[in-house]
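The values are calculated or read from the model by the stated rules, or taken from the named source; none is laboratory data. Keep in mind that this is a model prediction, so the values were computed, not measured. Quick reminder, even Gly has a Cβ in these numbers, built from the backbone with ideal geometry, and neighbours come from all protein chains shown. Ligands, DNA and RNA are stripped out before the accessible areas are found, and what is left, the full protein with its side chains, is counted by its heavy atoms. Shrake-Rupley method; radii C 1.70, N 1.55, O 1.52, S 1.80 Å.
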Amino acid sequence: MPDEIHRSELLQKLQGRDTIESNFSELFEDILPNEDNLDVDKAYVSEYRQLVKHLRSEVQSRDNELVILHERLTVMNKNMEKINDEIIGSSIENNVLQQKYDTLRVEYDKLVQRWLKKVQKEADKMNEHVAQADNQVESKHG
Amino acid sequence: MSDIHHLVWNGGLNTQIEIDKSLVFMDDESKPLFINVRLPRESYFVLYASSLLHKIKLKLRKDIDEVLPYIWFEQDGSNLPWNIPIGTLHDVMNPRISELPIEAAASSTSILVWKIRMVYGQELPQNHIPLTNGLEQVQKYWMHQWKQACFVLNGTSKQIMSMKMDDSKAFWQSVISRNVDIFSSMSDKIVPSIPRNIPVMVHRQNYMDFISQPLVIPQKESWKTTTLQTVLDSSEYTTTEQNTLAVVCQGIDVPCSILIEELYRDFVSLDGFLHLILQQQ
């Protein structure tokens, strides 16, 4: 009877499967569908249900707060980026202005030097004229 | 009911379920939360979701009813659809026992643990049927599967459609309470002594989305000569690689020379279908 042979072979295989798959099954809790832990003390349940309800609403409000803070942080970060960009722009502008200022300063110093030289020359000339005039007056009287 | 069917119905799996961190109160550095349970092969994950959440209810961030529609199970990132029996999901995603090292399989100190994750998220995976109506939806889905199976077996769904309301309820309750005697007495009313066709679902190892329902008709109008091999021969997807494939059912290799009708009667799942898994040898 080939089918009888098959059946005993399948039976053996299934028993073998169960031996292997049930090793240490005591470490794994049996579970019922739709279990609601009815055996747990009712007072314990109501007390903890209240507590859990309270904590859950607390968590919900903290989660909402977190979301708001995250949004705020994002906006702040964007502002920071904007300010950083502005700072970079301003320092570039500052550098350019500094260069311009340095060039102008050198030019200005040169002009002042030239002007001083010119004034000095004029003063020397004037002194010369005054000295000549004095000499002429003295020689007339003398 | 045969000894074999008894073993099929009572098969169980040592399962370690890692809980999604977003479900419970814990910071990023906390160790993951695990639940170790023994799940029956012949049931649906979704029937245990609520019980599993009850075990960690004091640690949950939200109410059970609030999270239940957004829960699914996965292994190595692949969704384990709730509408396929647990044992079949295990056999699709894991190597068969005969493939394990002999010393590991035979040793009484070795332990087989199925490691899966319970995931929570608003965006459900693609192959997940959204649960909008809780257990009622599961019951309707399961009944629909039986209607399909009944049609394949009898050429009509009359047997299940004309079932008394009380019988119909008892049939579903036998799945919930895992009462094999009631289940068998109800399914016997649907499965005829000489079936017209056999309802079979073929899965492929590691492919959760691959499900094929080949037409299994008796060879020369007799089930006495129609073997599993005949079914595989008539399936276009196995012809090219038949020699390299092993057929797994309920966690064990089944010989291809077995009569398909007998295989069905002994190995039928809770949804009225015979779930076969093609694995590489």
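Tabulated values for the structure
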item: C-alpha long axis of helix A:42-141 to longest principal axis of chain A, angle in °; result: 10
item: Once the Cα gyration tensor of chain B is diagonalised, semi-axes √(5λ) in Å; result: 33, 24, 17
item: Cβ-derived FRET efficiency at R0 35 Å, A:Glu58 paired with B:Asp188, nearest 0.05; result: 0.05
item: Rg to Rh quotient for the range B:3-128, alpha carbon positions, Kirkwood Rh; result: 0.99
item: Over chain B, relative contact order from alpha-carbon pairs under 8 Å, at least 6 apart, %; result: 21
item: Cross-link table B:Lys21/B:Lys169; A:Lys13/B:Lys31; B:Lys147/B:Lys220, entries beyond 29 Å C-alpha to C-alpha; result: B:Lys21/B:Lys169; A:Lys13/B:Lys31
item: Spatial separation of Cα centroids for the range A:1-31 and the range B:118-173, in angstrom; result: 28
item: Beta bridge orientation in the protein assembly as shown: antiparallel %, DSSP, nearest 5; result: 70
item: Residue of B:Gly77, B:Gly87, B:Gly11 that the Gaussian network model of chain B assigns the largest fluctuation, springs spanning Cα pairs under 10 Å; result: B:Gly77
item: Two-site FRET efficiency, A:Asp30 against A:Met76, from Cβ-Cβ distance with R₀ of 51 Å, rounded to 0.05; result: 0.45
item: Pairwise centroid distance, computed over Cα atoms, of the range B:250-281 with the range A:76-100, Å; result: 75
item: Karplus-derived 3J(HN,Hα), 6.51/-1.76/1.60, for each residue of the range B:6-21, Hz, glycine and proline x; result: 4, 5, 4, 5, 8, x, x, 10, 6, 10, 10, 10, 8, 8, 4, 4
item: Size of the B/A contact, given as accessible area buried on both chains, probe 1.4 Å, in Å²; result: 4100
item: Relative contact order (percent, whole number), the range B:135-187, Cα cutoff 8 Å, 6+ residue spacing; result: 22
item: Probe 1.4 Å, all protein chains present, accessible-area order of B:Val268, A:Val67, largest first; result: A:Val67, B:Val268
item: Angle between chain B longest axis and helix B:134-154 axis [Cα atoms, degrees, rounded to 10]; result: 10
item: Linear extension gain, B:Gln213 paired with B:Thr225, 0.36 nm per residue minus alpha-carbon span; result: 2.2 nm
item: Sorted largest first, extent of the range A:2-141 alpha carbons per principal axis (Å); result: 163, 55, 21
item: Percent accessible area from carbon and sulfur atoms, the range B:115-225, protein chains only, probe 1.4 Å; result: 53
item: Aspartates and glutamates whose Cα lies under 15 Å from that of A:Lys100, excluding same-chain neighbours fewer than 8 positions away; result: A:Asp109
item: 0 to 90° range, to nearest 10: angle between helix A:2-21 axis and chain A longest Cα axis; result: 50
item: Residues of type lysines that A:Lys140 reaches as a straight line, Cα spacing below 24 Å, ignoring anything fewer than 8 places off in the same chain; result: A:Lys125
item: Order of exposure, largest accessible area first, which applies to B:His203, B:His144, A:His6 with probe 1.4 Å; result: B:His144, A:His6, B:His203
item: GNM flexibility winner over chain B from B:Asn179, B:Asn197, B:Asn133 (Cα, springs under 10 Å); result: B:Asn133
item: Per residue accessible area of the protein assembly as shown, 1.4 Å probe, in Å²; result: 59
item: Rounded to the nearest 10 Å², the accessible area of A:Lys121 at probe 1.4 Å; result: 150
item: Residues whose placed amide H lies under 5 Å from that of B:His275, excluding near-sequence neighbours; result: B:Met201, B:Ser269
